[in-house]
Amino acid sequence: MADSTNRPARPQRLVGAWWGPAVGLSALGFYASATVPGDAPTREIFFNVPDGAWAVYAFLAALVGLLIFGFVRHASLWSIGQPTPGALKEIPSRLKNTVRLGMAQDKVRRDRYAGIMHWCIFSSIVVLTLVTAQVAIEADFPVSFLHGDYYLFFSFYGDLFGVIGLIGVGMALYRRYFAQMHRIRWDERLEDHLIIVGLGLVLLSGFFVEAARIMVTEMNQHPDWARWSFGGFTVAKGIGVFGFEDHQMLAFHAYSWWFHVAMAFGWLALIVFTRLDHMFFAPINAFLLRTDSPGRLTKIENIEEQEVFGVGFIQDFTWKQLFELDACVRCGRCTEVCPANIAGQPLSPMHLIQDLKAHLADVGPAIAQHRHEFSDPGREVSSVALIGDVIKDETLWACRTCGACVQECPVMIEHVPTIVDMRRYLVMSEARIPATAQAALENLEMRGHPWRGTALERTTWMEGLEEVPMFDGSQEYLYWVGCSGSLVERNLPVTKAVFRLVKESGASFGVLGQEETCNGDPARRLGNEYLYQILAQQLVETFKSKNVQKVITNCPHCFNTFKNEYPQFDGNFEVIHHTEFLAGAMQSGKLTAKHPVAANVTYHDSCYLGRINGVYDAPRQILEMVPGTNLTEMQRNLSKGLCCGAGGGNMWQEEVGERRVNHVRSEEAVRTGADQVISNCPFCIQMFEDGVPAVHPEEEGRMRPFDVAELLEKSVFGETAVAGERSS
Amino acid sequence: MHIVVCAKQIPDPETPPSAFKIDAATNKVIPAAGISPVLSQFDGIAAEAALRLKEAKGGKVTVISLGAESAQAAIKQVLAMGADEGVLLKDAAFDDGDSYTTARTLAEAIKKLGDVDAVFCGRQAADWDMGQVGLLIAEELGWPAAIIAKGVEATDTGLKIQRVLADGFETVEAPLPAVVTVSNEFGEPRYPKLPQIMAAAKKTVTAWGAGDLGLDPGSVGKAGARLQLQKLFIPEKSGRVELIEGDTPQEQASNLIKKLQADKLI
Ligand SMILES: Cc1cc2nc3c(=O)[nH]c(=O)nc-3n(C[C@H](O)[C@H](O)[C@H](O)COP(=O)(O)OP(=O)(O)OC[C@H]3O[C@@H](n4cnc5c(N)ncnc54)[C@H](O)[C@@H]3O)c2cc1C
Ligand code: SF4
Ligand code: SF4
C-alpha cells in the first residue's frame, strides 16, 4: 500500500552552486576596500623575496604558453573530425548546461563522497586563484585594497579555502590509497598520484610560507592581525615551539616561498599533460552536450548519397565526439554502472573512451598532417584498424544503449552515439554482425518484425476479446501494440490487459492490426540506419495517412522512437506510454483499482521509459493505487536502475562473457523478497521470465514477472475475471 | 568464371500456420495478406557459394529467377550480396509449371547467356521441396551435376565439390561446365553491405519471356507440365497423450521402451 513503499529519495540537486559564495565574498571585499582607512592592517607583497615578482610573471608566461601549446595540439586533433551539426545552436540551454553541469557539477555529486571531495578541491582552487589574483593586482596595478578589515577578511578566507582544499586532498588520498574504491584504479596512472600529492604539497607549502612570514612580521607586532590567517597562524605556533631565530625563519621563508611557487606553477602545468585538463574540457563539454533527448540517435542525412556509413576510422567521428574523448577523467563511473561490465562481458565504456583517445593520439597527428595531401582524407594512415583492433566487435555488440554511462559521466561524455556510430560501420559498411542479430535484421527486412519464427499473427491477441476497434482517424488515440506485443506469446496478456484497461477508461481509440509494421527501433540500435530509415519513413506515412495524432504504446522502445526520433522524419505525434495513460486515467477517476491484489512487488525501471525518458512516477503511482500491493524497491532503481540486458538489440544476440545481464538483474529483484517483479516493457518481462528461473531454480515460491498493466487489470476487473478471461 | 545462380521466390515458409490458407477449388495457396514472398533459403546459400568462388577466382555471377514481377526482390537481394547481373524470366506462359518446365526454361536462359561455366541451385526450393530443378537443368544442358554440396572450390580443371551424404560426405570433381546444388551445411549467406544494396537498387534486371528464349508457349508452364497436382490440402493435426505408468522413473523408462518396441518405433 501507498504508505508502506520504501521509496528512496530521488537524487536531488543541492541548493545552488557552492562556489558561488566564495566569488561573492571576493566581490564584497573589493567593495569593503574602498572604505578602509590608510593605516589599517596590511602586508608587504613579495616580502623577503625581492626577485619574486619577475619569477612569478616568468612562470605565468610559461604557463600560458604551455596552455596555448596544449590547446593547439589538442585542437589539431579534434579538427580531423567531421562537422557537428547544431553545436552552436540553442546557446541559452547550452549555457545553462555549462553552469549546471560544468560548474555546479550536478553529476559529480551523484557520488556523494566524490561530490564533497571534488567541491572542496574545486572551490579551493577557484578561491585561491582569486586570492593570488588580488595579490597581483595589489602589487602591480595602481589600486590598493589589501589593507584594513578587508585584508583581515582576505587573510581569513584565503586560509579557510586552503584548509578546505586540504580536506579535499585528504579525502582523495584516503579514497585512492586506503578505501576499497576500485573504479578509480581500473586505469591508474602516474599522473593520478602527481595530481593529488602535488596539490597537497602546494597547499601545505602555502601554509608554511604564510607561517614563516607571520613569525617574522605579524606574530610579535600584530598578533591580532595574524590570528585572521588562522591556518598560517596555527602552523607558526607549531614552528614557534622550536624557537628558531628570525634569520633562520627568513631563510626558511624564502626557500618555502620558492618551493610553493614552483610547485603551484608546476601543478598548473599538469593541466596540459594530464587529465587535469578536465578543468576546461568538462565545462566546454557541458556546453557541447546535446540539447535534445538522449533517446535520439543522429540521423544520417541523405543516406542514399553517402559513401561512408558510420564510423570506421577515427576521423569519421564528429569533432565533438573527438573532443569529448579528451575530457574523460578515467573516473570509472560509467564502467561501474555498465550492465555489460557488471555481468563480466567484454565492454567497459571507460576503456572504450580511453582506447579511442589513445588511438586518436596515435594516428591523429598523421591524419591532421596529411589531410590536405590525399583526396581521400588519409583514411588508412595506420595498419591498426579502429574497429576490430582498437575496439573489438564484441565490445560494440555488448552495449545495451541503456544510457547508464551517459547518465553518470561527470564530464558529460555521450558514449551511446559513439558506440552506435561504430556499429553502423560494422553493419552497413562491413556487414559484420553476430549471426542472431543478423537474423533479426533480415527478418525485419523480409517480414517487417524482428521475431524470427513466430507462429503468431499481428491479430492473434484479439482472439477472445469482444470487438477490437480499428483505428480510422476518427478516434482520439491509436493504441500501438508493437511487434513484441503481438508476436511474442508472453506479451499477449499484457497487450490484452492494456486494451481492456484503455477501453474501460472510456477513451476513444483504435488499433492498426495487420497494418502495424516494425517502427525500426531494433534496426537503428543494431546499427542498420538505412533499414531504420526505410521502416520509419513508411510508418510516418501510414500514421499521417490515417490522421494519427496521439499514440499509446505498449513498449518503451516504440515509445522512445516515436517520441524522440520520428520528429527527424517529420513525424510529430503525441506519444504516451501505457503506464502514463493508465496513471492519468486513474487519477481522473476514469479507472478504479477496486479489487485488492495482495502482492509484494518490486519494480524494475526499463531504461527507455525510466532513465532515457524520465518516466519514473506514473508506474509507481499505479502500484501505489492498487490496494493490497506493497512495493519494495531494488537497490539500484530510478535513474540508477540496471538494464534487464535486452536493450540495444541484445534481445536478439547471444551474450558473451561471464554472466548474462538478465541473471544479474533477476538476482537483484529476487533479493528484495518480492513475489512479483513488475515492469513496463515487453523485453524486460521476457528477460525476467528467462532470468528468474535461472537464479531461483526451485519452482516453489519463485518470483514472477508482470507488466504494470497486468497487475492493474487484476485490480480493476478482479482476479477471477481476469483468470476466467485467460482460460476462455 | 561465369556462374549462374538460380534463385526462386517462394511464399514465406515462416508464415504463421493460422495465416496459411489453401483454395481447395483451384488447388492453390492463397497468398497471406501482408506477408511478402521471400528468397528460398537454399538459394541464398547457393548465391553465397557462387560469390565465394568469384572472390577466389574472379569472374562474374548472374542471378536468374523464373517467376512473377515480385521475384525482382529476390534478384535484387542476390545482387546486393554481390552478384553482377540479374535476369527475370517472366511470361504468363510460364505460369503453373512444374519442376521440368521450370528447369527447361531456366536452361534455355542459361544457353542464351552463352558463356556460362557453372550453374548453382539450392538443394531444393523451400516451398515444394522437390529438389528436381538443378538436376533437370543439368539434364537439359547435358552437363554433369553434383547435388547437395556443403563445399565447392575451383581446381585447375573444374570444380571440387564436397557432397553431404546420409552418413558423412564425399568429395567429387567435375569438369566445367557443371551444375551444383548447394545445401545448408555450406554456411550462412552473407549480410549485404549497404553500398552494394544501393548499387543493386540502381541495377536494371533483364526480363526475358518465352519469345526471347525461343520457347513455344505450349511447351512451358502449365501447358508443358508433366506433373499433375491432384489435391492440395492442409493435413489435420491431432494429438493423443498417453501417460506411461510406473512407480519409479526407472520403471517408467523401461515401460516406455517396451511400448516403443511394441509399436515398432525403436
Ligand atoms: C504441386 C505443384 C503446384 C504448383 N503450383 C504452383 C503455383 O501455384 N504457382 C506457381 O507459380 N508455380 C507453381 N508450381 C510450380 C513451381 O513453382 C515449380 O515447381 C518451381 O518453379 C520449381 O520448384 P521445385 O520445388 O520443384 O524446385 P526445386 O527443384 O526444389 O528447386 C531446386 C532449385 O532450383 C532452382 N529453382 C527452382 N525454381 C526456380 C525458379 N522459379 N527460378 C529460379 N530458380 C529456380 C532453385 O535454385 C532451387 O533451389 C507448382 C508446382 C508443383 C509441383
Ligand atoms: S549504454 Fe549501457 S551497456 Fe552501453 S556502454 Fe553505456 S552503460 Fe554500458
Ligand atoms: S567516460 Fe566519463 S564516467 Fe567514464 S571514466 Fe571517463 S569521465 Fe568517467
Exercise. Name the pairs: first residue in the range A:354-365 and in the same structural domain as A:I387 (by TED's automatic domain parsing), second residue within 16 Å of ligand 1 (Cβ to nearest atom), Cβ to Cβ under 9 Å, at least 6 apart or on different chains?
Worked result: none
For this session: Go through (1) over 26 Å from A:R189 (Cα atoms); (2) of a type in the set (A, V, I, L, M, F, W, C); (3) part of a loop (DSSP other than H, G, I, E, B); (4) touching a residue at least 60 places away in the same chain (Cβ under 8 Å) and name the single condition A:V381 misses.
Result: (4)
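So which residues in the range A:444-461 are free of Cβ contacts under 8 Å to residues at least 12 places away in the same chain and either buried (at least 21 other Cβ atoms within 10 Å of the Cβ) or within 16 Å of ligand 2 (Cβ to nearest atom) (or both)? So that I can check it myself, show each step before the final result.
Going through the range A:444-461, the residues free of Cβ contacts under 8 Å to residues at least 12 places away in the same chain turn out to be A:446-447, A:453, A:455.
The answer is A:R447, and nothing else.
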Exercise. Which condition does A:L325 not pass, out of (1) within 16 Å of ligand 3 (Cβ to nearest atom); (2) touching an Asp or Glu at 6+ places or on another chain (Cβ under 7 Å), if it passes all the others?
Worked result: (2)
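Tell me, which residue of the range B:7-26 that is among the hydrophobic types (A, V, I, L, M, F, W, C) and in contact (Cβ under 8 Å) with a residue 24 or more places away in the chain is nearest to B:L79 (Cα to Cα)?
B:A7
Does A:C402 meet the test of being more than 14 Å from every other protein chain (Cβ to nearest Cβ), within 10 Å of ligand 3 (Cβ to nearest atom) and surrounded by 24 or more Cβ atoms within 10 Å (Cβ to Cβ)? Don't jump to the end; show me each part of the working.
Numbers: more than 14 Å from every other protein chain (Cβ to nearest Cβ): yes; within 10 Å of ligand 3 (Cβ to nearest atom): no; surrounded by 24 or more Cβ atoms within 10 Å (Cβ to Cβ): yes.
Against the criterion (more than 14 Å from every other protein chain (Cβ to nearest Cβ), within 10 Å of ligand 3 (Cβ to nearest atom) and surrounded by 24 or more Cβ atoms within 10 Å (Cβ to Cβ)), A:C402 does not qualify.
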Seminar exercise, completed: Inside the range A:465-494, the number of residues satisfying the requirement of being in a helix (DSSP H, G or I) and of a type in the set (S, T, N, Q) is 3
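What residue, of A:I433, A:I413, is touching a residue at least 40 places away in the same chain (Cβ under 8 Å) and at the interface with another protein chain (Cβ under 9 Å from one of its Cβ atoms)?
Details: A:I413 fails: at the interface with another protein chain (Cβ under 9 Å from one of its Cβ atoms).
Selected residue: A:I433, the only one of A:I433, A:I413 that is touching a residue at least 40 places away in the same chain (Cβ under 8 Å) and at the interface with another protein chain (Cβ under 9 Å from one of its Cβ atoms).
I'm trying to understand the selection: among the residues of the range A:171-199, which are closer than 17 Å to A:W267 by Cβ and in contact with a Gly (Cβ under 8 Å, 6 or more places away or on another chain)? Don't jump to the end; show me each part of the working.
Taking the range A:171-199 and keeping what is closer than 17 Å to A:W267 by Cβ, we get A:172-173, A:176, A:189-199.
Answer for the range A:171-199, where residues must be closer than 17 Å to A:W267 by Cβ and in contact with a Gly (Cβ under 8 Å, 6 or more places away or on another chain): A:L173, A:G198, A:L199.
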Exercise. Can you find even one residue in the range B:44-55 that is near ligand 1 (Cβ under 10 Å from one of its atoms) and either part of a loop (DSSP other than H, G, I, E, B) or surrounded by fewer than 21 Cβ atoms within 10 Å (Cβ to Cβ) (or both)?
Worked result: no
Exercise. Taking the stated definitions as given, is A:G614 crowded, with 24+ Cβ neighbours inside 10 Å and not in a helix (DSSP H, G or I)?
Worked result: no
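Please enumerate the residues belonging to the range A:497-523 that are part of a helix (DSSP H, G or I) and either within 14 Å of chain B (Cβ to nearest Cβ) or free of Cβ contacts under 8 Å to residues at least 40 places away in the same chain (or both).
A:F499, A:K503, A:G513, A:Q514, A:E515, A:A523
Could you identify the single residue in B:E140, B:E153 that is under 23 Å from B:G214 (Cβ atoms), more than 16 Å from ligand 2 (Cβ to nearest atom) and away from every other protein chain (no Cβ under 14 Å)? Explain how you work it out, then say what you get.
Values: B:E153 fails: under 23 Å from B:G214 (Cβ atoms).
Residue meeting the stated conditions: B:E140.
Inside the range A:414-443, can you point out the residues that are outside any helix (DSSP H, G or I) and either near ligand 2 (Cβ under 10 Å from one of its atoms) or closer than 22 Å to A:V308 by Cβ (or both)? So that I can check it myself, show each step before the final result.
First, pick out the residues of the range A:414-443 that are outside any helix (DSSP H, G or I): A:414, A:430-434.
Across the range A:414-443, the qualifying residues are A:E414, A:E430, A:A431, A:R432, A:I433.
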For this session: Of the numbered conditions (1) of a type in the set (S, T, N, Q); (2) more than 15 Å from the chain's Cα centre (by Cα); (3) assigned to a helix (DSSP H, G or I), B:T15 fails exactly one; give the number of that condition.
Result: (3)
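In the range A:680-702, how many are surrounded by fewer than 24 Cβ atoms within 10 Å (Cβ to Cβ) and either hydroxyl-bearing (S, T, Y) or not in a helix (DSSP H, G or I) (or both)?
Going residue by residue through the range A:680-702, those that are surrounded by fewer than 24 Cβ atoms within 10 Å (Cβ to Cβ) are A:686, A:689-690, A:692-702.
Right, trim to either hydroxyl-bearing (S, T, Y) or not in a helix (DSSP H, G or I) (or both) and you get A:696-702.
Qualifying residue count for the region: 7.
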For this session: Under 7 Å between Cβ atoms, at least 6 apart or on separate chains: pull out the pairs that start in the range B:60-78 with a residue that is under 20 Å from B:R104 (Cα atoms) and assigned by TED's automatic domain parsing to the domain that holds B:A118 and end on any residue that is within 7 Å of ligand 1 (Cβ to nearest atom) and in a loop (DSSP other than H, G, I, E, B).
Result: B:V63/B:A7; B:S65/B:A7; B:S65/B:K8; B:G67/B:K8; B:I75/B:A7
Exercise. Quick check, is A:G344 more than 16 Å from the chain's Cα centre (by Cα), under 30 Å from A:M651 (Cα atoms), away from ligand 1 (no atom under 16 Å from the Cβ) and within 14 Å of another protein chain (Cβ to nearest Cβ)?
Worked result: no
For this session: Working only within the range A:159-213, note down all residues that are closer than 26 Å to A:W228 by Cβ and among the basic types (K, R).
Result: A:R213
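Out of curiosity, is A:T459 over 32 Å from the mean Cα position of the chain (by Cα) and closer than 30 Å to A:P85 by Cβ?
Details: over 32 Å from the mean Cα position of the chain (by Cα): yes; closer than 30 Å to A:P85 by Cβ: no.
Here the answer is no, as A:T459 does not meet what is asked.
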Exercise. Restricting attention to the range B:27-40, and to residues there that are surrounded by fewer than 19 Cβ atoms within 10 Å (Cβ to Cβ) and in contact (Cβ under 8 Å) with a residue 60 or more places away in the chain, which single residue is farthest from the chain's Cα centre (by Cα)?
Worked result: B:N27
Exercise. Is it the case that the range B:79-95 has a residue that's within 18 Å of B:D127 (Cα to Cα) and either surrounded by fewer than 19 Cβ atoms within 10 Å (Cβ to Cβ) or not assigned by TED's automatic domain parsing to the domain that holds B:K203 (or both)?
Worked result: yes
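Condition check ((1) of a type in the set (G, A, S); (2) within 12 Å of another protein chain (Cβ to nearest Cβ)) across all residues:
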{"position": "B:F20", "(1), (2)": "no, yes"}
{"position": "B:A24", "(1), (2)": "yes, no"}
{"position": "B:G34", "(1), (2)": "yes, yes"}
{"position": "B:L39", "(1), (2)": "no, yes"}
{"position": "B:A46", "(1), (2)": "yes, no"}
{"position": "B:A50", "(1), (2)": "yes, no"}
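Please determine, by comparing only the residues of the range A:439-449 that are touching a Leu at 6+ places or on another chain (Cβ under 9 Å) and at negative phi, which one is nearest to the other protein chains (Cβ to nearest Cβ).
Applying the first criterion (touching a Leu at 6+ places or on another chain (Cβ under 9 Å)) to the range A:439-449 yields A:440-441, A:444-446, A:448-449.
With at negative phi added as a condition, the list becomes A:440-441, A:444-446, A:449.
Working: A:A440: 11, A:L441: 7, A:L444: 12, A:E445: 9, A:M446: 5, A:H449: 10 Å.
For the range A:439-449, the residue satisfying everything is A:M446.
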Exercise. Can you spot a residue in the range B:139-146 that is within 16 Å of ligand 1 (Cβ to nearest atom), surrounded by 19 or more Cβ atoms within 10 Å (Cβ to Cβ), in a strand (DSSP E or B) and touching a residue at least 60 places away in the same chain (Cβ under 8 Å)?
Worked result: no
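The values are calculated or read from the model by the stated rules, or taken from the named source; none is laboratory data. Just so it is clear, the model here is predicted, and its values are computed rather than measured. With ideal geometry, Cβ positions are generated from the backbone for all residues, glycine too; neighbour counts draw on all protein chains shown.
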